[in-house]
Amino acid sequence: MSRVAIAGIGQTEFSKNIGRSERHIALEAIRLALDDAGLAPANVDGLVRFDMETTSEVEIARNLGIPNLRFFGEVGYGGGGGCAAVGHAAMAIETGWARSVVCWRARNRGSGGRPWAGTRPEVGGDAQFYIPFGLVRPVDQIAMLARRHMHEYGTTSEQLGAVAVAFRKHAARNPHALMREALTLEGHQASRMVSDPLRKLDCCLETDGALAVVLTSLERARDLRERPAIVLAAAQGTGPEHVVMVNYHQPRFLETPSLWAARELWARAGVQPSDVDCAQFYDAFTPLVVFSLEEYGFCKPGEGGAFCEEGRLEWPAGELPSNTSGGGLSEAYVHGFNLILEGVRQVRGTSTSQVRDASLCLVTSGAGVPTSALLLARD
């Protein structure tokens, strides 16, 4: 996919209550991304959306004035779909189905309430095997994995706290981040328990906001307004016999779909973890960063907690500066789509926590669900 690039990015402000509909903010973010690229809606002939979007492709096209969609698609599984949406758009451009494709995510989660609050007393499908036993919220489901990791490898709450502290330091430099006040490890440890062993500050924000990216061919992107971010590779993965978020029946249930996406990603790109200058890890909860460090090959299984200590995830001196805008824990949580935009900024050289000479950035989507990942490279 090295002949495809992200040419434009756009986002609204982030808020607990943005005061505008998801359709409205989706259109705002897409227009900003097109302006960033120097393109008009008439130049767009493809759209890729999350299947959880409340806005449809034809609704977006009609409101923007896009004359025709030669390609449109959807990607599922919430936080697992962000990088896949970009990957699908890149495939459409690579194969000639479209010339310019927009991917977006608009979500009023801060003002829209918590989805699990509407859980019914009777559930069917896979949910019947875990919701009646109290695993209703995502935090409960990930807490099970976190506790098992602690049991197997000795991972500590303080190591999870190091993730939150590092990402808050980056958010403090980012004027768009919602949480910019200083956070210490002691502050993390003092935050209330939400689902043992996960504390409040192990959990992502609840945010209103929208983001968008514009993809086109690298050749065309080089003639546009901003430095292109090359889509070096993209991959998806589920792993065997997957049950979304609660894969506890597996003999090795700490093995998430990220392991399978990682294998594909590195093979397709022809690079390895040691080549990566910075990373944007999906961080709905701090343990997901620990799992990703291991499954994407930055350390061995069981060593992810220790990898987070001693500032190794922190800009500017850390071994692997990660979530350099603050991520879902401190910038905003919009199903991880803000991580993609930060990856673009890093390879452009415009991040507020800019890694020096960053030429390769890993972006991941949610571990624990059918997932995806991207490698973005500097042109």
Worksheet item: Farthest toward the dipole's positive end in the chain, which of 363, 112, 76, given Cβ charges of +1 (Lys, Arg) and -1 (Asp, Glu) about the Cα centre?
Response: 112
Practice prompt. About the Cα centre of the chain, how large is the charge dipole given +1 on each Lys and Arg Cβ and -1 on each Asp and Glu Cβ? Please answer in debye to the nearest 20.
Written response: 600
Worksheet entry | Viscosity 1.567 mPa s, 4 °C: Kirkwood-radius Stokes-Einstein D of segment 224-315 over Cα pairs, µm²/s | 88
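Suppose we look only past 15 Å in the calculated P(r) of segment 131-188. What percent of the Cα-Cα pairs does that tail hold? Working shown, then result.
Numbers: 1022 of 1653 pairs.
Roughly 62 percent, rounded to a whole number.
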Worksheet entry | Approximate spin-label separation residue 264-residue 129, in nm, with each point projected 7 Å along Cα-to-Cβ | 2.2
Worksheet entry | In nm, spacing of pseudo-spin labels at residue 222 and residue 56 (7 Å Cα→C-beta vector) | 4.1
Item to complete: Please give the peptides 213-225, 322-334, 176-188 ranked by average Cβ packing (other Cβ atoms within 10 Å per residue), highest first, as a rough proxy for protection.
Response: 322-334, 213-225, 176-188
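Calculate the dipole size of segment 265-379 relative to its Cα centre from +1 charges on Lys and Arg beta carbons and -1 charges on Asp and Glu beta carbons; express the result in debye to the nearest 20. Don't skip to the answer; put the middle values down first.
On the way: 7 positive and 14 negative charges, 68 e Å.
That gives segment 265-379 a dipole magnitude of about 320 debye.
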Worksheet item: So what is the diffusion coefficient of segment 183-232 in µm² per second by Stokes-Einstein at 25 °C and 0.890 mPa s, using a Kirkwood Rh over Cα pairs?
Response: 163
Practice prompt. Please work out the Cα convex hull volume for segment 18-77 and give it in Å³ per residue.
Written response: 89
Discussion item. Just to confirm the number: angle between the C-alpha axis of helix 157-171 and the first principal axis of the chain, 0 to 90 degrees, nearest 10?
Written reply: 30
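What number do you get for segment 327-379 when its Cα radius of gyration is normalised by 2.2 N^0.38 Å, N = residues?
On the way: Rg = 11.5 Å, N = 53, 2.2 N^0.38 = 9.9 Å.
That works out to 1.15 for segment 327-379.
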Practice prompt. For helix 138-153, report the angle its Cα long axis makes with the longest principal axis of the Cα atoms of the chain; keep it between 0 and 90° and round to the nearest 10°.
Written response: 60
Response to the item:
Cα-based Rg and Dmax for segment 70-181, in Å, come out at 19.4, 52
Worksheet item: How big is the chain by Rg and Dmax over its Cα atoms, in Å?
Response: 19.4, 57
Worksheet item: Between residue 181 and residue 151, what is the spin-label point distance in nm, taking each point 7 Å from the Cα along the Cα→C-beta axis?
Response: 3.7
Discussion item. For a quick check: sort 245, 91, 52 by the number of other beta carbons within 10 angstrom, fewest at the front.
Written reply: 52, 91, 245
Worksheet entry | Radius of gyration, Dmax [segment 195-259; alpha carbons; angstrom] | 19.1, 52
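For segment 265-379, state the average projected area of the convex hull of the C-alpha atoms over all orientations, rounded to one decimal in nm². Display every interim value, and only then the final one.
On the way: hull surface 26.8 nm².
That works out to 6.7 nm².
Once you wrap a convex hull around the alpha carbon atoms of segment 155-201, what is its projected area averaged over all directions, in nm²?
On the way: hull surface 12.9 nm².
The number I arrive at for segment 155-201 is 3.2 nm².
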Discussion item. For 258, 2, which order do you get if you count the other beta carbons within 10 Å of each Cβ and list the fewest first?
Written reply: 2, 258
Discussion item. If I take the Cα coordinates of segment 1-152 and project them onto the principal axes, what are the three extents in Å, biggest first?
Written reply: 51, 37, 29
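Where a number appears in this text, it was derived from the coordinates with a stated rule and is not lab data. Here the structure is a predicted model, which is why all the values come from computation and not from measurement. FYI the Cβ positions are ideal-geometry reconstructions off the backbone, even for glycines, and counts take in every protein chain you see.
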